[in-house]
Structure formats: structure tokens, C-alpha cells
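The values are calculated or read from the model by the stated rules, or taken from the named source; none is laboratory data. Since the model is a prediction, treat every value here as computed from it, not as a measurement. In this analysis, Cβ positions are derived from the backbone assuming ideal geometry, glycine residues included, and neighbour counts consider all displayed protein chains. All accessible areas refer to the heavy atoms of the entire protein, side chains included, with ligands and DNA or RNA removed. Shrake-Rupley method; radii C 1.70, N 1.55, O 1.52, S 1.80 Å.
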Amino acid sequence: MKILSMDTTADTVSVALCEDKTIISSFSGNLKRTHSSTLLPLIDAVLNYSGIGCDKIDMLAVTVGPGSFTGLRIGVATAKGLAFGNNIPTVGVSSLLALAYNFKDREGALVCPSLNARRNEVYFALFRIVDGKPMRLTDDSSMQASELEEILLQHDENVLFCGDGTVVLRNVFTRLSVPVDNQLLLYPSAPSVALAAFDKMQSEGVSYATELSPTYLKPSQAERERLERINK
């Protein structure tokens, strides 16, 4: 099964083409430009490098959140456009679950992927690596970094961190250290999105583009500011 996967939930953008769980080609960028100008060129680059057209893609995989509001909309809208135009089944994947797949080889590890939600908040979830897959311990949530530290201290074990929220945790945590073994683990990876989608497809089946929608977890900044004005 050929899987075209993409992630636009953070500052980086990542696209990959995989055959089941084997990477055929993968490109990522952190160009400080809007994903609307970088995502489609990266998709073209991945397909052209592989010599495979959209008519040969069996499944589309995309992260649906949490993460950047604008990035999520761009990623989901692009996946929908490709799916509708080429009649391709889709799988939407939690961005935090995809990040946890970066540690799939660390059997038994407690993994805390997190993404920067601004104002010292992070989106996070906890996973345990079991038989090479992240098993979910908590739902995706948003929380102040200081509150998350209290939760992690209750586990009383080493925690593996990934995602760009790690930078926030490093700056806020006072009792837990937040090491990162590999700088690449700070960012979501399209190959990990494909892995997560492949496993989800096997257990839940595929869906269709009409069912794809972003998962925001909290109101956007514009919505918060609007509510603040109303409540004044």
C-alpha cells in the first residue's frame, strides 16, 4: 500500500511517500514561510523523486491536530483536495500520536509529545511504547506547562520528550529535566504520520475526505480576543 503522508501542525512542513511501513521518499522544510506556499511543492517533489503519480496512491494520511490553527487548515484542506480529485481514501492522525511514533523502538518507554500552544501552554498526551507502537495513556489536551510538570512527577520515571513544546517545557519546568537526544525529534515527521495511519487503518479502516476535520482543542487567538471584547 502506497501512503502519501503530510504534517503541517508546527513551523515545519513534512511530506513522505511510504510503501506500507517502508519510506520511499521524504522531504521536510523549516523555511519560515506559510505552509500554503511550501506544502504543494514538497508533495510534487516527493512524487517526482519517487516517479509515482497521484493515481498510484492508495491512501492519504494527514495530521488533524492539535497544532497551529492555520497549519491544520492548510494540511487538511490540501489532503481533502487531493482525495476528492483522485478518489483516494484518507486517514486523519493525531499530531501527538504521530510524534510518539518517533520513539517506537524504545520499548516500555513513557513518551510525552507536546506542541507549543503559546502563553506557556502546550498541547500534550502521554503514551507507553508497547510492542513497537505508542499505546495511549491520556487524551490529547492543552494545559499550562507548570501543571504538566506536576502530572509527570506523579509517574516517577524517566520521560522521553518530543515536539516543539519541549522548548516551552524546558523553560518552565523547575524539578524535571527535559533532555532531547536528537534535535529532529522536536518536529513532527511525515514518515511517522504514515506509520500511525497504517496502524490506524488496520484497526479502524479508512475514512473519506468528507470526514476529515481539524482538531483544535481550544479557541484560536482571534476567537479568544473576540470573546474578551464581548465580556468586557
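Structure notes:
- Counted residues, region 182-191 - those being surrounded by 11 or more Cβ atoms within 10 Å (Cβ to Cβ) and either among the aliphatic types (A, V, I, L, M) or farther than 16 Å from THR63 by Cβ (or both): 4
- Pairs where the first residue, in region 87-109, is touching a residue at least 12 places away in the same chain (Cβ under 8 Å) and within 11 Å of PRO134 (Cβ to Cβ) and the second is surrounded by 24 or more Cβ atoms within 10 Å (Cβ to Cβ) and among the acidic types (Asp, Glu), C-beta under 8 Å, 6+ apart: ALA98/ASP7
- Across region 115-125, the qualifying residues are those that are more than 18 Å from ASP199 (Cβ to Cβ) and of a type in the set (A, V, I, L, M), and the one among them that is surrounded by the fewest Cβ atoms within 10 Å (Cβ to Cβ) is ALA117.
- Taking region 135-159 as the range and being in contact (Cβ under 8 Å) with a residue 40 or more places away in the chain and open to solvent by less than 90 Å² (accessible area, probe 1.4 Å) as the test, the residues that pass are ASP140, SER141, SER142, LEU152, HIS155, GLU157, VAL159.
- Considering only residues in region 192-220 that are in contact with a Gly (Cβ under 9 Å, 6 or more places away or on another chain) and open to solvent by 60 Å² or more (accessible area, probe 1.4 Å), the one that is modelled with the highest pLDDT turns out to be LYS200.
- Complete set of residues in region 160-176 that are open to solvent by less than 90 Å² (accessible area, probe 1.4 Å) and not charged (D, E, K, R): LEU160, PHE161, CYS162, GLY163, GLY165, THR166, VAL167, VAL168, LEU169, VAL172, PHE173, LEU176
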